[in-house]
Structure formats: structure tokens, C-alpha cells
């Protein structure tokens with residue numbers, strides 16, 4: 001319930017901010033990136049062999065104005081595609097949740 005409420009507030013604030021900037025309410029482009037972070041005390045963690053990090057991956061999606069669209073945390077042993085698709089950070093998930101949504 002709290003997560004849904006936070007998402008709704010975030011989405012409406014994003015749309016209102018874009019309207020204030022005289023842009024379309026919904027972003028049309030997004031950039032997704034991943035960062036491996038050390039998290040030795042985390043309950044769920046993995047080992048990223050490429051970066052030699054024990055911890056978690058932070059997947060972030062921002063639009064072209066650097067406004068935060070979505071964030072997802074996974075264990076470090078997950079691939080980029082698994083992290084994106086797990087919680088909707090893939091192209092389809094971002095499009096369904098943020099893009100082409102209208103605030104009325």
C-alpha cells in the first residue's frame with residue numbers, strides 16, 4: 001500500500017513539474033544505468049565477478065532532464081537485463097508506468 005502511494009505521488013509530481021516547464025506531461029525518453037555498491041551487512045547480496053564487488057546493484061532510470069523515474073535494487077550477481085526487467089525498469093516497464101500517462 002505504501003509503495004503504491006509513493007509511486008502515485010511521485011508520478012503526479014513528475015507530471016506537474018514537467019507541465020510547469022512547458023513540456024509534455026509524460027517523458028518520451030529515458031536512460032537506464034546500473035551501479036554496483038558494496039553492502040556487506042545487507043541481508044540479500046551477491047558477487048559481481050566483473051567488478052569484484054560483494055553487495056547489491058542499483059538500477060536507476062532517469063529522463064533526459066535528469067528527473068528520477070524509477071529505482072530498483074538487486075543482488076550484485078544479477079545481470080543488467082535481469083535487474084531492469086525484475087521491477088519494470090526495462091523499456092516496456094518504464095513505458096507502461098511513466099510514459100504516455102496523463103494526469104487529469
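The values are calculated or read from the model by the stated rules, or taken from the named source; none is laboratory data. All values reported here derive from a predicted model rather than from experimental measurement. Note that we place each Cβ from the backbone using ideal geometry, even for glycine, and neighbour counts take in every protein chain shown.
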The correct count of residues that are more than 15 Å from the chain's Cα centre (by Cα) and either part of a strand (DSSP E or B) or modelled with pLDDT of 75 or more (or both) in the stretch 27-43 is 3
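Results for (1) touching a helix residue (DSSP H, G or I) at 6+ places or on another chain (Cβ under 8 Å); (2) exposed (fewer than 15 other Cβ atoms within 10 Å of the Cβ), shown as yes or no for each residue.
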{"residue": "31", "(1), (2)": "no, yes"}
{"residue": "34", "(1), (2)": "yes, no"}
{"residue": "48", "(1), (2)": "no, no"}
{"residue": "53", "(1), (2)": "no, no"}
Among residues of the stretch 1-22 being free of Cβ contacts under 8 Å to residues at least 12 places away in the same chain and part of a loop (DSSP other than H, G, I, E, B), the residue nearest to residue 67 (Cα to Cα) is 22
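Find the residue count for the stretch 33-61, including only residues that are within 20 Å of residue 3 (Cβ to Cβ) and touching a strand residue (DSSP E or B) at 6+ places or on another chain (Cβ under 9 Å). Walk me through it before giving the result.
Step one: of the stretch 33-61, the residues within 20 Å of residue 3 (Cβ to Cβ) are 42-44, 56-61.
Cutting the leftovers down to touching a strand residue (DSSP E or B) at 6+ places or on another chain (Cβ under 9 Å) gives us 42, 44, 56-61.
Here the count works out to 8.
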Checked pairs for the stretch 58-71, first at positive phi and outside any loop (DSSP other than H, G, I, E, B), second modelled with pLDDT under 80 and crowded, with 20+ Cβ neighbours inside 10 Å, C-beta under 6 Å and 6 or more apart or across chains, list as none
Checked against (1) out of contact with any strand residue (DSSP E or B) (no Cβ under 6 Å at 6 or more places or on another chain); (2) modelled with pLDDT of 60 or more; (3) crowded, with 16+ Cβ neighbours inside 10 Å, residue 90 satisfies every condition except (2)
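Taking the conditions exactly as written (at pLDDT 70 or above, farther than 22 Å from residue 8 by Cβ and touching a strand residue (DSSP E or B) at 6+ places or on another chain (Cβ under 9 Å)), does residue 64 satisfy them or not?
yes
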Within the stretch 44-57, the count of residues that are part of a strand (DSSP E or B) and touching a residue at least 24 places away in the same chain (Cβ under 8 Å) comes to 4
